[in-house]
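Student: A single structure is presented below for examination.
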Amino acid sequence: MNKTVIALSLAVVSLLAESTVIDLSPISVVGTGIEESVLEQPLSVATKGEDEVKLDQVIFQKDLLNSLSGVRIEQTGSVIGHTTAIRMPSGTDAYYLFMQDGIPVQSSGFFNHNGLAYSTFQTASSVEVLKGAGTALYGSDAVAAVINVESLKKPSKDKEVTVKGMVGSYGYASGSLEMSDTVDEKSSYRASAGYMRSDGWREHTKTDRMEANIRYDYIVNADNDIKVLFNTSTTDAEQADSFNDYENIENGSTAASDDPAYFTALNSTDVSRHFDYARLSLEWNNYSYDGLEISLTPYVRYNRNQYVATWKNTLPINDNELKTVGILEKNTYDALWGRLIFGFDSEYTESSMKYVTSSSPTEELYNYDVKYMAISPYIHSDYKVTNKLTLTAGLRYDYNHYDYANNLAADSNDSSNKFYRPADRTDSFSHLSPKLSLSYKPTEDMNVYIRYANGFRIPQASRLYSMTAGYSSVTLKPETSNTYEIGIKKQVSNKSYLELATFYMSIDDTIVDDTVNDYFYNGGSTIHKGIEATAKVQMTDDWAARLAYAYAKHTYDNHTTFGNGEMAAAPNHTANTRLVYTPAKVHGLTVMGEWQYVGTYWMNDGHDKSYGGYSIGNLKADYAYSKELNLFAKITNITDERYAVSASYTTAYGGKADYNPGDPRQFYAGIEYKW
């Protein structure tokens, strides 16, 4: 599509809404890789723009995402580590595709549930969440959601330099520098770097983190342009444990654990987690042919994840290093009848996995290398049946191949006879994913749609090759999912934006963790259904609100043990309410009150114990004193509630509960200066 047409259409959309922190006319790229009004798209997309992200003063991933309907991120004991719950129970399984600037932050075969820690989320300019199975542009792991973190906005026309500093409770401090300029009529850049450190409110939760981003835009000629992006992050985080006794939550204990085994681990090894990430990409766009845009994006990426598995009796140390080269090729053809998008994605990854005991680092439990290759052609079409009715269809074929090489004795056990190291082998998986939706716009400000999307996730390399002795004959196949969705979107008098979606998702051949025998197998089926609602309202010139609510029910489907029972870690109700005050009498001031709610849920699948959830409030403020000087502050958990962000229970060991404590009240304040 011609760049001028895109710019003009988006400008018209942006003028429909008054300037406000809460975006009443959101724009998204995550669905098709093309900037489009969310109102126009026949799928559920939640967005947060630059102004709202700035007001949130992001420190953790939850700060960036938890205000969106049906989205719940909870931090783990490793501080920057996290679990995710979007149309699924809260957990660590590979149901989500994490991306930055439209490129996955990790290979599908090596999913890390802490994947958002790789992204430069603390300095993000915006974020988008496509809920449900992805469009034809996305393959494995895009089952429940696609999350895209945008790093740097477009470079400025004139030179800009921004310095920011922030301090807070429990030794928190951060600083960042951002620069942007237009070098000449063809080239421009934007670059940022940030650092944060914290002692943590609990013992053994000290964290250090660095982020950096570089963007360079170059206009080759009228038909070609180039965008170069570089992102990197590194995190060193000490790792606390959960509490078994809920009294430690109620009493506000700052201890790292109440389990003696944890302190035994702490005395014998470095109980911490280290993330390293870097990615360089070059996006080339060509507009030589009328109505056709050709986009080619090669990239290289590096991931490393190191941690101590404190939940294992042997306290093994994990070190997984990934080196990836990939390419995204996309062609977009616009015609009077609609739009056609087709292309392919491809990745090649070399992985090394080392798993050793902390008490004897020379004793290797696993040591293997994996070469992984994926190629995925796809096609997506929007066909205008009438001026008001659009039919969207998509098809994607994924081929994934593992080449595994064991660096220890083939088909051997470790000295404890618990860890099994299979001989060299190859594994391949393929899947065809159809997509179909129908969108009806009775008026320009209203869209009613119905959608179907098939998704899947391949078994991870660690599930295939980090095997347990006695279960070497177990084989795994991909999970498959079917998402059905009906939604309505409505913009009212340019003063409010309303969205309602109801969904039903079934997942078959679920990859299940047998926690007693410590191995994975393909289980039965699960069903996930619910309603998500979003309301954005500009009530007066001074007051605006954003309401996000989700009801969901996650159940087993004729499970041999749990029948059709409700799954654990799955609250039926979640909500977030934001009230924003921008007083005309105090120019430049924005104050936001926020309420976060998580309802009751079962702590285990057997329904032996439940947890009541939590409800907390936050207060955030931003004051633009002048064009150059900006002041900001926030108070989190303003009433200092004592609660758990996650709670689980097992009947083993005579019954044992685990509670991961939520943060106490904390204060933050900062200053930003531009010139």
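The values are calculated or read from the model by the stated rules, or taken from the named source; none is laboratory data. Keep in mind that what you see is a predicted model, and the values were worked out from it rather than measured. Ideal geometry is used to build each Cβ from the backbone, glycine not excepted, and the neighbour counts take in all protein chains shown. These accessible areas exclude ligands, DNA and RNA; they are computed on the full protein's heavy atoms, side chains included. Shrake-Rupley method; radii C 1.70, N 1.55, O 1.52, S 1.80 Å.
Student: Looking at region 325-337, is at least one residue of a type in the set (A, V, I, L, M, F, W, C), out of contact with any His (no Cβ under 7 Å at 6 or more places or on another chain), under 24 Å from Lys418 (Cβ atoms) and surrounded by 18 or more Cβ atoms within 10 Å (Cβ to Cβ)?
Tutor: No, that holds for no residue.
Student: Evaluate region 258-267: report whether one residue or more is buried (at least 17 other Cβ atoms within 10 Å of the Cβ), over 29 Å from the mean Cα position of the chain (by Cα) and in contact (Cβ under 8 Å) with a residue 60 or more places away in the chain.
Tutor: Scanning region 258-267 turns up at least one residue that is buried (at least 17 other Cβ atoms within 10 Å of the Cβ), over 29 Å from the mean Cα position of the chain (by Cα) and in contact (Cβ under 8 Å) with a residue 60 or more places away in the chain.
Student: List the number of the failed condition for Trp595; all other conditions in (1) open to solvent by less than 20 Å² (accessible area, probe 1.4 Å); (2) of a type in the set (A, V, I, L, M, F, W, C); (3) within 22 Å of the chain's Cα centre (by Cα); (4) within 28 Å of Gln491 (Cα to Cα) hold.
Tutor: All conditions are met except number (1).
Student: What are the pairs with Cβ atoms under 6 angstrom where one residue, in region 361-388, is free of Cβ contacts under 8 Å to residues at least 24 places away in the same chain and the other, located anywhere, is part of a strand (DSSP E or B) and open to solvent by 60 Å² or more (accessible area, probe 1.4 Å)? Sequence gap at least six, or different chains.
Tutor: Final answer for the pair search is Val385/Leu391.
Student: Name the pairs whose Cβ atoms lie under 6 Å apart, with the first residue in region 588-603 and farther than 14 Å from Ala85 by Cβ, the second open to solvent by 40 Å² or more (accessible area, probe 1.4 Å) and among the basic types (Lys, Arg), and 6 or more positions between them or separate chains?
Tutor: Pairs found: Met603/Lys609.
Student: Could I ask something else about it? Can you tell me which residue within region 308-344, out of those that are in a strand (DSSP E or B) and out of contact with any Phe, Trp or Tyr (no Cβ under 9 Å at 6 or more places or on another chain), is modelled with the lowest pLDDT?
Tutor: Only one residue fits best here, namely Val308.
Student: Tally time: how many residues in region 498-521 are assigned to a strand (DSSP E or B), at pLDDT 95 or above and either of a type in the set (Ser, Thr, Tyr) or under 20 Å from Tyr96 (Cβ atoms) (or both)?
Tutor: Number of matching residues: 8.
Student: Exactly one of (1) modelled with pLDDT under 95; (2) of a type in the set (S, T, N, Q); (3) buried (at least 17 other Cβ atoms within 10 Å of the Cβ) is unmet by Gln41. Its number?
Tutor: (1) is the only condition that Gln41 fails.
Student: Considering only residues of region 292-312 that are under 30 Å from Trp337 (Cβ atoms) and not acidic (Asp, Glu), which is most open to solvent (accessible area, probe 1.4 Å)?
Tutor: Leu296
Student: Still on this structure: Within region 499-531, which residues are farther than 21 Å from Gly132 by Cα and touching a residue at least 24 places away in the same chain (Cβ under 8 Å)?
Tutor: Thr515, Val516, Asn517, Asp518, Tyr519, Phe520, Tyr521, Asn522, Gly523
Student: So for region 513-520 (the condition being of a type in the set (S, T, N, Q) and closer than 29 Å to Ser437 by Cβ), does at least one residue qualify?
Tutor: No, every residue in region 513-520 fails to be of a type in the set (S, T, N, Q) and closer than 29 Å to Ser437 by Cβ.
Student: OK, next. Restricting the first residue to region 195-208 and requiring it to be without any contact (Cβ under 8 Å) to a residue 40 or more places away in the chain, which pairs with a second residue that is of a type outside the set (D, E, K, R) and assigned to a loop (DSSP other than H, G, I, E, B) meet a Cβ separation below 6 Å and a spacing of at least six or different chains?
Tutor: Close Cβ pairs satisfying both conditions: Asp199/Tyr170; Asp199/Gly171; Lys206/Gly200.
Student: In this structure, is Lys435 open to solvent by 30 Å² or more (accessible area, probe 1.4 Å) and outside any helix (DSSP H, G or I)? Working first, answer last.
Tutor: On the way: open to solvent by 30 Å² or more (accessible area, probe 1.4 Å): no; outside any helix (DSSP H, G or I): yes.
For Lys435, the condition - open to solvent by 30 Å² or more (accessible area, probe 1.4 Å) and outside any helix (DSSP H, G or I) - is not met.
Student: Then there is this: If you check Lys490 against the conditions, is it of a type in the set (D, E, K, R), open to solvent by 20 Å² or more (accessible area, probe 1.4 Å), assigned to a strand (DSSP E or B) and farther than 28 Å from Ala652 by Cα? Show your work before the answer.
Tutor: Details: of a type in the set (D, E, K, R): yes; open to solvent by 20 Å² or more (accessible area, probe 1.4 Å): yes; assigned to a strand (DSSP E or B): yes; farther than 28 Å from Ala652 by Cα: yes.
Here the answer is yes, as Lys490 does meet what is asked.
Student: Okay, next question. Scan region 258-289 for residues that are closer than 22 Å to Asn320 by Cβ, hydrophobic (A, V, I, L, M, F, W, C) and modelled with pLDDT under 90 and report the count.
Tutor: 2
Student: Further question on the same structure: Which residue is farthest from the chain's Cα centre (by Cα), if the candidates are limited to region 210-238 and must be surrounded by 22 or more Cβ atoms within 10 Å (Cβ to Cβ) and under 16 Å from Gly77 (Cα atoms)?
Tutor: Among those residues, the one meeting the criterion is Glu238.
Student: Among the residues of region 150-169, are any in a strand (DSSP E or B) and closer than 23 Å to Leu68 by Cβ?
Tutor: For region 150-169, residues in a strand (DSSP E or B) and closer than 23 Å to Leu68 by Cβ: present.
Student: Mind checking which residues of region 549-563 are open to solvent by 40 Å² or more (accessible area, probe 1.4 Å), within 26 Å of Gln460 (Cα to Cα) and of a type in the set (Ser, Thr, Tyr)?
Tutor: Thr560, Thr561
Student: Going through Asp241, Asp270 one at a time, which residue ends up being part of a loop (DSSP other than H, G, I, E, B), more than 30 Å from Ala191 (Cα to Cα), touching a strand residue (DSSP E or B) at 6+ places or on another chain (Cβ under 9 Å) and open to solvent by 50 Å² or more (accessible area, probe 1.4 Å)?
Tutor: Just a single option satisfies the conditions, and that option is Asp270.
Student: Moving on to the next point. (1) of a type outside the set (S, T, N, Q); (2) free of Cβ contacts under 8 Å to residues at least 24 places away in the same chain; (3) crowded, with 18+ Cβ neighbours inside 10 Å: which one isn't true of Tyr289, the others all being true?
Tutor: For Tyr289, the exception is condition (3).
Student: Of the residues in region 529-548, how many are open to solvent by less than 70 Å² (accessible area, probe 1.4 Å) and in a loop (DSSP other than H, G, I, E, B)?
Tutor: The number of residues fulfilling the criteria is 2.
Student: Do any strands (runs of 3 or more DSSP E) lying entirely in region 561-675 carry at least 2 residues that are farther than 27 Å from Asp514 by Cα, and which ones are they?
Tutor: So the answer is 573-581, 589-598, 614-624, 629-636, 666-674.
Student: Separate question: What is the number of the single condition among (1) at pLDDT below 95; (2) assigned to a strand (DSSP E or B); (3) not small (Gly, Ala, Ser) that Pro361 does not meet?
Tutor: That leaves (2) as the condition not met.
Student: Now a separate question. When region 242-257 is examined, which residues are found to be of a type outside the set (Gly, Ala, Ser) and either within 16 Å of Ser646 (Cβ to Cβ) or touching a residue at least 40 places away in the same chain (Cβ under 8 Å) (or both)?
Tutor: Those that are of a type outside the set (Gly, Ala, Ser) and either within 16 Å of Ser646 (Cβ to Cβ) or touching a residue at least 40 places away in the same chain (Cβ under 8 Å) (or both): Phe243, Asn244, Asp245, Tyr246, Asn248, Ile249, Glu250, Asn251, Thr254.
Student: I would also like to ask the following. Please identify the pairs in which a residue from region 179-194 that is more than 11 Å from Asp158 (Cα to Cα) and without any contact (Cβ under 8 Å) to a residue 24 or more places away in the chain has its Cβ atom under 9 Å from the Cβ atom of a residue that is open to solvent by 50 Å² or more (accessible area, probe 1.4 Å) and acidic (Asp, Glu), counting only partners at least 6 apart or on another chain.
Tutor: Ala193/Glu178
Student: Return yes when Tyr277 is of a type in the set (Ser, Thr, Tyr), part of a strand (DSSP E or B) and open to solvent by 60 Å² or more (accessible area, probe 1.4 Å) and no when it is not.
Tutor: Here the answer is no, as Tyr277 does not meet what is asked.
Student: Is it true that some residue in region 175-194 is within 30 Å of Gly662 (Cβ to Cβ), open to solvent by less than 10 Å² (accessible area, probe 1.4 Å) and out of contact with any Leu (no Cβ under 8 Å at 6 or more places or on another chain)?
Tutor: No, the conditions are met nowhere in region 175-194.
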